[in-house]
Each structure stands twice: as C-alpha cells, then as structure tokens.
Amino acid sequence: MNIVRNHVLISIDAGTLMSGARAVEDALVKEIVKQGLDKEVSVLETGSIGITGRGVILVVYPEGIYYADVTPDDVPELVEEHLLKGRPLTRLILTETPKRTIITKEKTGLLKEQPRIVLKNCGFIDPENIDEYIAAGGYEGIAKVLQTMTSEDVVAEIKSSGLLGRGGAGFPTGMKWDFAIKTPGDEKFVICNADEGEPGTFKDRLILEGDPHKLIEGMLIAGYAIHGTRGFVYIRGEYSLSIERIEKAILDARAYGLLGKNILESNFSFDIVVMKGAGAYVCGEETALIESLEGKRGHPRNKPPFPINAGLWGKPTLVNNVETLANISEIIRNGAEWYKGYGTEKCSGTKVFTILGHVATPGLVETEMGTTLKDIIFEYGGGIKNGKTFKGALVGGAAGAFLGPDMLNVKMDFVNLKEYSAALGSGAILVMNEDTDMVDMLKSVLHFFKHESCGHCVPCRLGTARLVELIDDIAASKAKKEDIDQLLEITRVMKDSSFCPLGQSVTLPVSSALKYFKNEFMSRVTS
Amino acid sequence: MTKEKTIQITIDNKTIDARPNQTILQAAREYQIYIPSLCAMEHLSSYGACRLCVVEVDGLRGFPTSCTTPVEEGMVIRTDTAEVKGLRQEVLKLLLSEHPASCLFCTEQDECKQYMGTIRKVGATTGCRYCPNDHRCELQQIAENIGLTETSYPVYYRNFPVEKYDPFYDRDYNLCILCGRCVRVCNNVRLNGTLSFKQRGRVTTIGPAFDRSHIDAGCEFCGACVTACPTGALSVKVSKWYGRPEGQVATTCNYCSAGCRLILQTTKTDVIDALPDYDSAVEHGIICVKGRFGITEYVHSPLRYGTPKEMTPAGYNDISWEEAIAKAAGKLSGLKPDDCLIVVSPQLLTEDLFVAQQFIRQVTGSEEVASSFIFDLDGDAASFINLALASEPFETIEKAQGILAVGFDSTYGYSPIGVKAKQAAQAGASLMSLNSFESNLDLLSKIAFVVNSSRWADVLDLTMSRMSKGKAEKRFADLVEMWGSDLNKTCETFSCSSHNVLIVGPGIIDSPDRGKILRSIERMKNEYSWKVVVAHQYTNLAGMFAMGACPGIKPGEMIKEASADKAVVLKAELIHIDLRKKRKLIYLIGDASFDSLPECEFLIYQNALPPQCSRQPDLILPVSLFTEASGTVISAEGRVLQVKEAVAPYMDSKPDWWILKSIAEKMGKGKMKFNDVSSIQGEIKKIIKGFPAVKKRIEFKEIEVKGNVKTHGKGKPAAWKSSYRGIPLGEVVSGIKVIELKGG
C-alpha cells in the first residue's frame, strides 16, 4: 500500500457541487500530477463537512486545515504553497472554523468540540465506498443484532436509550417500535422519511449525502426489530445527490449480502427501495407520505388507524426520520447507557441542528440535547455575522416558533422547549440580526403555508389564505389593530380544527412572533 | 344472523348502543343526534375535510371530528358545548369566505324572497339567483343549524368559468366547497375514476385529470356526483331551476331489464329529477345515465301526444277518446285472425301485458302475440329466452372467481352488473371481456378481446377447450397467437374456480352470429357449470312470459313451481311471425319497430311519441308513461318490482290497459271488466300467488321448440341503441344523443 503524506478531502454535497466542486477537484488532481505530487498526496471525496454558503470546501490532513471558497484558479497556488512548500495558504483558510469532526482531538481555537454520533462519518469517509463505512465500524450494529439479540431485545434497548423521534414531533422511538412489534401482520414495512421539507432544514440531506450506509444499517435494525419485510426510503425528488448516493449504497449493500435474502446468513431477509417525492411539504406528514408512496395524491389520512396499525397498502408500517434511524446503529453498538450519557435526562442523545441566517458560519452542528440556543449560535455558529446583534431566531422551521433575545439561554431539547410554547421541530435555527423586519419574516412564513396547504380541510385551505391577506395588509401598513386579533383567532381555529399537523402548527410562528415582537406589529397598524 | 356486539357510548348525557366499527357520527345519526357535517355521507368512506362535525371526547385531546373518530366502549362525547359551537361557527365562516353567500348574509334577503323569486329576461331587478340550489342546499341548512348570521370575512369570488360543455349537468366550481363527496363516489362507489382533485391548496379544483372534458375522460354520466354534491356546484341541466321538489315517489326504471329502483322528484305536474336509492336491494343505488338523466326529458318531451289523433287527407285531426275507441273498434271488427298483426312491446307494465294478451286472444281470436324481440332475435328467440329467463341474480357476480363478459359494456347502461363485475375484479377475480369495441371493463380485465362478433363463439370455444386442457384447433390459431399466454393463465384460474360467471350483454342480440354464440354459451353453462347473468333491453321480458303475452304460451304456464317442472313445448310455427305477408290492420301497442313491419291498410299506433318513419299511422292513441302509471315489472332477476304513478297522466293520455279494454268493450268482445290496475292485479293473483307483493324471485320453465324454426328473412336488426317503447332515447334526450354519437 502506498503511504501518502497528505490527504485532501473535498466535500461533495449538493451545495459544493453548485459552487463548482467538480471543477476544483479536476484542477486539483491535474495540478498535483503536474507538480509530481501524485505519489505523496491523495484527493478524496467525502460528504458535507457541515459548513454551507462558503463555496467549495477542502480539508487538508494531517494538519486539519479548512479552505473555503476555493475556485479552480486558486488551485495552482494552493498546491504549490501548501502541498509542495508546506505553507498553508492563509487567504483561503476558514478562520471561523468550528471544530467539526472528531478526527483530531486537540483544540484548535476558540470553539468546543462537537460530540458526533449521527454525523460521525460525515466529512470523513467517502460516502460512496462501503468499505470505508465498514472500516469505520459500520454494519457492526446489524451484525450484533443478528447474532446476539432478539427483536424484543432490540426494542428494549432502543426504548431504554430514550431516543425521541427526530422528525419533529419527538415521539419516543422505542415506543413506536414496541407498537409495531405488537401489531400482528405477516408483512410489515419500514419507511424512512427523507422528504425533508421544513424550510431551513437540510440535516437529512447531509446525512444521506455524507453517510448513506448509516441509514441503511438503521433501517435494517428497525426491520429486524419489528419483523419487517421491506423498507422504503421516501426522499425528496430535489435531492438528486442524496438519491444517487443512497441508491449506490443500496446496490453495494446488496452485493455484500447486507440486503436481500438471509442477511449475514441469518434467517432475516430485508430489502430497501428508494422512492422519490414530488416536492410537497405535506408529504413529510407520515400518512400523506404513505398516500404518495402508494401513487396517490399527497393528502393526509385519517388517524386512527395509525400507520403502525394500517399504513402502506393497509399493512403495519413504521415511519422514522433519517436522523432517528441514523442514531440506531450507534445505540446498538455502544449500548443505551452510553447513549444516555449524552443529552438531558428526558431527552437523551445529540441533535443535528442546521444554523442559517445571519450567523458567521452557517451549517450543520451536532450537539448534545439541552445545549443552549446561545451556545449553538455563538459558539458553533460563530456568532452574528458582521458584528451585528442578535434579534431573534426561528427555531424548528416554518412550523416552529420565533424566540426573542431573552430566550437565548433556553435549553434546546424537545421537552424543554415545549414549556415555552416552542418546538424543537426539525432542528432548523434561522438566526436574525437587528435589521430583520419581523413582520416580513412572518409574512414569508405564512405565504409558505398558503402555498403548501394541500387543500384537504377547510381550516387550513382557507385559513392560510385569510392569514396571508391579513399579514399582507399589516406588512403594507394598511391594517387595523383588530386584524392582529383576527390573525391570532384564525390560527387558534386552525390549531383546534385542522386535519393534520400542517394546519395545526401555523399557530406556533404566529403566536410566538406576536409574543416576542408585538411592538413591531403594533407599529404597523392603525387603531 | 348473529347479533353484532354492541358497545355503549354516551353522547350529550344520553347513553346509546353503537357497533364497534362505527364512527361517532354514524352512531349519533342512528339515534337522531344531530351533528353538523358536509363531507360525511352514508355509503362513503370518512374524509374529514369540512371539520364541522368536531366534538369533545373525554380523554382525547382537542376537538376530534366525529366522522373520523371510531367509537370506543365507555366513550363520553359532548356535541354542543360552547367551545364546540364556537369552533364550528369559525370554521364555517372560513368555509364561506370563498363561497358566494348572498343567500345567507344579505340585508335585503326577506324582500328578495318575497318579490324577486323569478327568472325573467326583462329589464327588472330579479334578485341574485345565481345558485340553482337555493332552498335545497345543505350548506344553507348547516348555516342555519350552526346559527351563523354574519361573517367576519369579505367573500372572495374565485371566478372559475362555469363548465357547461358536457351533457346532462353543469359545473360551477365557484360554489364548490371541496368536500370530496363527488370524487369519492366516482372512484370508490362507481369505480369509474373520472373525477379527481386538481392542483392543491386554495386553488384546488375538481375534474378529470389533464383538464379533459368529462366525456373524453370516460365519464359514464351516472350522476352519482351530482346526487352527492351538497351545494349548487353540480346541477342537472334540465331541472336545475325548479327549486325545491314538492314530492317524491319510489318507482322502478323501465328502460332496461335490470329493474333499478329510482326516486322520482316531482312538482305538481312534472317529474324534475330521478335519484338513485342507495338502500335499494336491487342495484344499491348504482343506476346508469338512462335512469338518472333520461327520464325527465323523455316524459316531458314537447313531441308527446296529448290527445288521440286521426289521419285525414289534410293531416292529423285531434279527436275525442270516444271517437278514437269507436274508430279502432270499427277497424278491428270483422277481421279474420290472420288479417291483423298486433305487436306488443316488452317494455309495457306487467298488468298491461296481461290485458294485451287477453285482448289479442279474446278479441281477435289470434294466437299471434307479436313482439319486437321476436323480430330482433328471429330464429334464435327460443334459445335467448331460455338463457334470459334463467338469468342468475346480480349478486352472483359478487363472489365470482372468474368472470367472462360477452358483448357487455356498462358505460351507459347496466351499471349494477358492470360495477359488480368491477368490484369482483378489484377483489381479485379474473375478469375477461369479449366485445367488438373497447368496453369499460377492459381496464380491470386480465384479457380484453376486441374482436368482431363473428369470432366470439370461437373465443368461447377456445376458453372451454383451454379449461379442459384440450388441444387448440386450427380455427383458433390467430387468437392463440395474440392472447395465448394470458389466456392460458386466465383459463387456469377459471378451471380452478367453482364459481365462474358469464355476463351476457345486449351485444349478442345485435350479432348476426348470435346463434353460434348462444350455442357456445349454453355449452359453458351446461358442461362447464358457468353461471349466466343476462343483461338486455327488453325491460319486462320476464313479465311477458309470466303473463303469456307470447304466441303459444298461456298465462302462468311458464312459471316454475317445482324444480322438476318440465319444459313448455312450443310448435316451431307458432313463434314464426310472417313479416312479408300484407295485413289489413297493424296495431302497435307501445312498439315502433317500423323497419320490420309488413305493409298494411290501416295502422293503429298506441304510444307517447311520434315514430321515426315514413309510414304515418292512421290512428294515434296517446298513452301515459311509466312515470304516470302504476303497476309492476318483472326484472331480469325475476323480481316483481313496483312502478308507481309520480305525476298525473300527460294531458288526455291513458294507460295501455284502459285503451285496450275500452276497445274490447266497444266491440262487445272478451271478458275484460277492469276498472283499475288493482282489478287487473286481482286477476293476475290467480296465476302468481300473492301478486303484486311477491318477495320471492319468479323462476321460469324452459321452452322446447318442436320442429324447424323458419326465419322471417328481414335480415339482421339495426344496431341496437337504448330505446323506450320503440323510440330511441337519443332522439328525445339531447344528452343521450351526444354520448351515443361519441360512443358510436
């Protein structure tokens, strides 16, 4: 085996691809050959390293130096300076670099390390290479399960880990699995909900792009636990790279006997199919997702029956989010007790947050449950961009809540946020600085809901339309004081009477915006 | 029947028994506890769109909708708390924010009702009657029940163009509330799939995918969607402005032999609409376009005869009934039996048929009770009759494992049979269709043979040969080449099944090769134990044979009392009607088969609408139609079904039986002392026990023909179109003309 001096990792995800990652990669390889370094330096593709909005990103190991906004024109200089002469090219170094991976242990600056469970391999291994996943301990979980555990053991382990579903609602995963195992049925399905539609959320995409095998392993374990026969990954059609990578991962896993009949020579057989969504927000709701998966219009279904009793084609169906499933193999490998070592008492483990908006380093952060909003924004997110002050954050996507400056010390987990009438939701944190117009913010949120309402039930279909009319008037300073009350009244009716969580959750952004930023609204209306 | 387990629930402090699979709303409705709802409808799956049926349930969070929440033992439900009422009002306000609501919230409303209730093409204010559903609108009713008297939103008008380009009904989606009833009834009850939701959110509308017209999208115009619509969004073209009906009458459709039950909605003089009866045991509300939309226009056709008419050199003269009866009696007197031909329609009521056969036998002394079905079927009449009269009930199809439909299509007729076949196919039965054009069963069929009817017998023979694993004959070579492997698979399921059903449609009557086809069908029935269901257009064919309104068959002779009853032997010459011999007089009773008739000196035409022919009748006797008469029909299943007078006879028209008995009385012949329908029924009671209240299905003996049947040599009949009393529906009902043109 050839021992190389330097590894250059190039992050290939949807974001960097759009910034021209392939061109940079080609230039890099050519330049390295040109400089005669091809025996000493190797260029490797990896998934997202968790930083967005900074163009093409390279990491050079063993130094662990991050370069951002790299263009093909920079490549000759970079290769010559860093790889040939050993002098890091300071003008491209990402100075605000948070410590994002577990690769090197030493502290390199102001920021604290991220405890990575879900994103352990992201930005480190080549996601398209199953061997790298296995080398990083992958598929040990399913092997352990098949050899040493019964289905009940698995469910008990997940239950005792305290893992809460990461899709947004925070329902205990173990309990869901327990229902699934107790539902009689000769055929049961596992669906991975990868229809990530919550605005500002892209964690599932980066998990899929960075470590698709982790998801497959999670689904395998879930399938084994509930006696499932088939798995489906329902994925957003726009996530083309995710689709490509998960499909390749499935083919590779199948070739290794990790999917299909008699997995690892056990009696367990399971296979996974990838299905693409067509871009409806409501299809992230599990019953609408199932309808869509069956080839029908994406309308939510009546509950009960819940999918766990009668889901896809009327069979018992377990629907779990990508991040939830990505936690499974680590819990199985390391045990529930280890997992409970992270997070809070009621909310164990870590959470992948997507920070965006007016922060210095937008991107993906995995931290323990219960980390304060302040820590996430100011330590991991590098604080507010351009030295401005923090005004508020929209937490949990469009269906989440606005939080004001006095909420900076709130602990971010499913249980705690509920006490403040907020929700962790998908874990998106949209940070806003002092210049942000909150009325405009709420306006764009409400326009989003109107556009995404499926039209099935009256309160959501027509409520969102009326809300948009009202907020448009308020934003244009054409409204009266009573219109604000009506805004709240409509969301209350929608919360009490909408068919599915889409309409029910509109109340969160509206009431929270009015709670923390009421003055801004009042200044736009006439009494 | 085992008694179902009940569970106890409490609604508004009242404890009631519910069944385990019921929703709260269903249980409440059974006990007449009112919960408002617009999207829930009996016979349709829960949908939960209107959110008006919210209630409070102890132990459940928030406000669950009663139409989607299943009952549980000990459930405590409150339907009328202040919170629930308030929530309903708010939801209804939202709903009405995009539904024109001037009929609800208008300060001028009272005056408007009083003075402006007209539609006039004059330069006067006539009130805003843009909604055809005013006063029969569920939404209006709900608004009243919920107690909404004002709204907090301006009403947004969506400005969709009103869709009027399809036949039978108009669609104004500005009035649509997206309750989804029409979509569900079209897809889940009718298994048709024309309607779906288009777009999403607030711009959602309803219609066929890809913006096709209904007719192009395969709409069967069964009107189930119109019946289901709670607002004025869907409205029947001919009756939309009639307002609230004044009465309704349950009756039986007379357009084919299926015997669908209908609910006729009426004003004092008019039949304004015909609705399905979902509780009917015959067709379960699955009626076709003819029954749903073909009645009003037919019975109120402007062409209808109102008085008797006599041909004079200067054209037709209106005459009185006395004159008309005297004229007919005079012409019929002194004729030898061979000189006159009396043709009786199989679409008359049983009572009329009974009187008609008495008239022919007692007044003219002839045995020649001619009928259009004998003309159509010619030499094959007996074998068709044997098949049709022994038709299995429609429910036989429900549990079939194999179904073969020959010459059958249920797009514009025979819906109860077609939908049952589709249901069975969806449940896993192997369906095979055989037709000369693409039928509406093809989509669900394992194999759809589209071949000329001259090959149907071959396909049937090939199927039988495959079922018994016989060798394929040479004449099947091309069929095997096209459908061989599919056919093998399907025949495999057929031969493994003990319950195969053959659906015989009217297509075989049209086929010049029906003799061959009928013989193959007989073999399938006798040698391969296929059960046969026959769909045909001769509404009261069974009544005809029960009443003996057929040459050589006495009243009641055909009715089977014991299974060992022997076949009725018929001499071949009896069922041969010579259509070449010139007659002195022809008397058409409810028939208009002019193409087949021989020449004659005098033609009496007893019907409701003028015939389409060059031979003008010499005497016209106007009859009342089935919406204006009472009596019975005996359906293809052998059920005795009631026909009830919904409105008074049109102008001076009279029932068939009255005209016949009056002529006989005038001639002083026969013993027909009938004053009303019940006196005729009293006479029929002697033949059929308990008539007309017969619960059991009537079974028939077989006919055995002795001797060779001569054909009347008039060639093949014209391709059959749906008709009533010899008049094609397409000539009278504008929409039927449109769909038949398209279907042709």
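The values are calculated or read from the model by the stated rules, or taken from the named source; none is laboratory data. Since this is a predicted model, take the numbers as computed values, not measurements. No Cβ is skipped: glycine too gets one built from the backbone with ideal geometry, and neighbour counts run over all protein chains shown. These accessible areas exclude ligands, DNA and RNA; they are computed on the full protein's heavy atoms, side chains included. Shrake-Rupley method; radii C 1.70, N 1.55, O 1.52, S 1.80 Å.
The set of residues from segment A:34-55 being free of Cβ contacts under 8 Å to residues at least 12 places away in the same chain and in a strand (DSSP E or B) is empty.
Counting residues that are charged (D, E, K, R) and buried (at least 22 other Cβ atoms within 10 Å of the Cβ), which strands (runs of 3 or more DSSP E) fully inside segment B:120-236 reach at least 1? Please lay out each step first, then the result.
Details: elements: B:169-171, B:196-198, B:205-207, B:234-236.
Correct list: B:169-171.
Which is assigned by TED's automatic domain parsing to the domain that holds A:ILE57 and modelled with pLDDT of 85 or more, of A:LEU119, A:LEU164, A:LEU84?
Working: A:LEU119 fails: assigned by TED's automatic domain parsing to the domain that holds A:ILE57; A:LEU164 fails: assigned by TED's automatic domain parsing to the domain that holds A:ILE57.
Criteria check complete, one pass: A:LEU84.
Within segment B:665-682, is even one residue in the same structural domain as B:LYS560 (by TED's automatic domain parsing), more than 30 Å from B:LYS327 (Cβ to Cβ) and part of a helix (DSSP H, G or I)? For segment B:665-682, residues in the same structural domain as B:LYS560 (by TED's automatic domain parsing), more than 30 Å from B:LYS327 (Cβ to Cβ) and part of a helix (DSSP H, G or I): present. Test B:THR539 against the stated conditions and say whether it is among the hydroxyl-bearing types (Ser, Thr, Tyr) and more than 31 Å from the chain's Cα centre (by Cα). No, not satisfied.
When restricted to residues that are open to solvent by 10 Å² or more (accessible area, probe 1.4 Å) and away from chain B (no Cβ under 14 Å), segment A:451-477 contains 3.
Does segment B:665-675 contain at least one residue that is in contact (Cβ under 8 Å) with a residue 12 or more places away in the chain, small (Gly, Ala, Ser), more than 13 Å from B:GLN358 (Cβ to Cβ) and crowded, with 16+ Cβ neighbours inside 10 Å? No, the conditions are met nowhere in segment B:665-675.
Please specify each residue of segment A:55-92 satisfying the condition of being more than 17 Å from A:MET18 (Cα to Cα) and hydrophobic (A, V, I, L, M, F, W, C). Those that are more than 17 Å from A:MET18 (Cα to Cα) and hydrophobic (A, V, I, L, M, F, W, C): A:VAL59, A:VAL60, A:ILE65, A:VAL75, A:LEU78, A:VAL79, A:LEU83, A:LEU84, A:LEU89, A:LEU92.
Yes or no, residue by residue, for (1) within 23 Å of A:ILE117 (Cβ to Cβ); (2) touching an Asp or Glu at 6+ places or on another chain (Cβ under 6 Å); (3) open to solvent by less than 10 Å² (accessible area, probe 1.4 Å):
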| residue | (1), (2), (3) |
| --- | --- |
| A:PRO184 | no, no, no |
| A:VAL190 | yes, no, yes |
| A:ALA194 | yes, yes, yes |
| A:PRO199 | no, no, no |
| A:ASP204 | yes, yes, yes |
| A:GLU209 | yes, yes, yes |
| A:LEU220 | yes, no, yes |
| A:PHE232 | no, no, yes |
| A:LEU251 | no, no, no |
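Among helices (runs of 4 or more DSSP H) entirely within segment B:498-604, having at least 1 residues that are surrounded by 17 or more Cβ atoms within 10 Å (Cβ to Cβ) and charged (D, E, K, R) singles out B:507-510, B:514-527. Scan segment B:289-301 and give yes if some residue there is without any contact (Cβ under 8 Å) to a residue 60 or more places away in the chain and assigned to a strand (DSSP E or B), otherwise no. No, segment B:289-301 has no match at all.
Only residues that are more than 27 Å from the chain's Cα centre (by Cα), open to solvent by 10 Å² or more (accessible area, probe 1.4 Å) and facing chain B (nearest Cβ under 9 Å) were counted across segment A:483-509, and they come to 4.
Can you find a residue in segment B:430-451 that is among the aromatic types (Phe, Trp, Tyr), over 24 Å from B:GLY285 (Cα atoms) and open to solvent by 20 Å² or more (accessible area, probe 1.4 Å)? There is at least one residue in segment B:430-451 that is among the aromatic types (Phe, Trp, Tyr), over 24 Å from B:GLY285 (Cα atoms) and open to solvent by 20 Å² or more (accessible area, probe 1.4 Å). The condition (being modelled with pLDDT under 90, more than 14 Å from chain B (Cβ to nearest Cβ) and buried (at least 23 other Cβ atoms within 10 Å of the Cβ)) is satisfied by just one residue among A:VAL395, A:VAL365, A:VAL431, A:VAL445: A:VAL365.
Within segment A:184-216, can you find the residues that are assigned to a helix (DSSP H, G or I) and within 21 Å of A:ILE308 (Cα to Cα)?
So the first thing to find is which residues in segment A:184-216 are assigned to a helix (DSSP H, G or I), and the list is A:203-210, A:212-216.
Across segment A:184-216, the qualifying residues are A:LEU215, A:ILE216.
Per the conditions (1) over 13 Å from B:ALA143 (Cα atoms); (2) surrounded by 14 or more Cβ atoms within 10 Å (Cβ to Cβ); (3) touching a Gly at 6+ places or on another chain (Cβ under 9 Å), the sole criterion not satisfied by B:GLU108 is (2). Residues in segment B:266-281 that are without any contact (Cβ under 8 Å) to a residue 40 or more places away in the chain and open to solvent by less than 20 Å² (accessible area, probe 1.4 Å): B:ILE272, B:ASP273, B:ALA274, B:SER280.
What about B:LEU44, is it touching a Lys or Arg at 6+ places or on another chain (Cβ under 7 Å), open to solvent by less than 30 Å² (accessible area, probe 1.4 Å) and outside any loop (DSSP other than H, G, I, E, B)? It is false that B:LEU44 is touching a Lys or Arg at 6+ places or on another chain (Cβ under 7 Å), open to solvent by less than 30 Å² (accessible area, probe 1.4 Å) and outside any loop (DSSP other than H, G, I, E, B).
What do you reckon, is B:LYS469 open to solvent by 20 Å² or more (accessible area, probe 1.4 Å), of a type in the set (D, E, K, R) and assigned to a loop (DSSP other than H, G, I, E, B)? Judged against the criteria, B:LYS469 is a match.
If only one of B:LEU25, B:LEU44 is under 17 Å from A:ASN302 (Cα atoms), within 14 Å of chain A (Cβ to nearest Cβ) and at pLDDT below 95, which one is it? Break it down into steps so the answer makes sense when it comes.
Details: B:LEU25 fails: at pLDDT below 95.
Within the list B:LEU25, B:LEU44, the selection yields B:LEU44.
The number of residues in segment B:463-488 being closer than 19 Å to B:VAL450 by Cβ and out of contact with any helix residue (DSSP H, G or I) (no Cβ under 8 Å at 6 or more places or on another chain) comes to 8. Confirm whether A:ARG301 is in contact with a helix residue (DSSP H, G or I) (Cβ under 6 Å, 6 or more places away or on another chain) and within 14 Å of chain B (Cβ to nearest Cβ). Yes; evaluated as a whole, the condition is true for this residue. Here is a list: A:GLU291, A:GLU286, A:GLU323. Which entry is closer than 21 Å to A:LEU502 by Cα and within 14 Å of chain B (Cβ to nearest Cβ)? The conditions single out A:GLU291. Contact map, segment A:284-311: first residue closer than 22 Å to B:LEU178 by Cα and free of Cβ contacts under 8 Å to residues at least 24 places away in the same chain, second residue basic (Lys, Arg) and open to solvent by 50 Å² or more (accessible area, probe 1.4 Å), Cβ cut-off under 8 Å, separation 6 or more or different chains; pairs are A:GLU291/A:ARG297; A:GLU291/A:ARG301. Every listed requirement among (1) surrounded by fewer than 18 Cβ atoms within 10 Å (Cβ to Cβ); (2) of a type outside the set (Gly, Ala, Ser); (3) not in a loop (DSSP other than H, G, I, E, B) is met by B:LEU25 save one, (1).
The condition of being part of a helix (DSSP H, G or I), facing another protein chain (nearest Cβ under 10 Å), in contact with a Lys or Arg (Cβ under 7 Å, 6 or more places away or on another chain) and of a type in the set (A, V, I, L, M) holds for only one of B:LEU94, B:LEU87, B:LEU52, that being B:LEU94.
Scanning segment A:168-182 for residues being touching a residue at least 40 places away in the same chain (Cβ under 8 Å) and either surrounded by fewer than 24 Cβ atoms within 10 Å (Cβ to Cβ) or assigned to a helix (DSSP H, G or I) (or both) gives a total of 8.
For segment B:249-258, state whether one or more residues are within 14 Å of chain A (Cβ to nearest Cβ), open to solvent by less than 10 Å² (accessible area, probe 1.4 Å) and modelled with pLDDT of 90 or more. If you could, list the steps in order and put the result at the bottom.
Taking segment B:249-258 first, the residues within 14 Å of chain A (Cβ to nearest Cβ) are none.
No, there is no match, as no residue in segment B:249-258 is within 14 Å of chain A (Cβ to nearest Cβ), open to solvent by less than 10 Å² (accessible area, probe 1.4 Å) and modelled with pLDDT of 90 or more.
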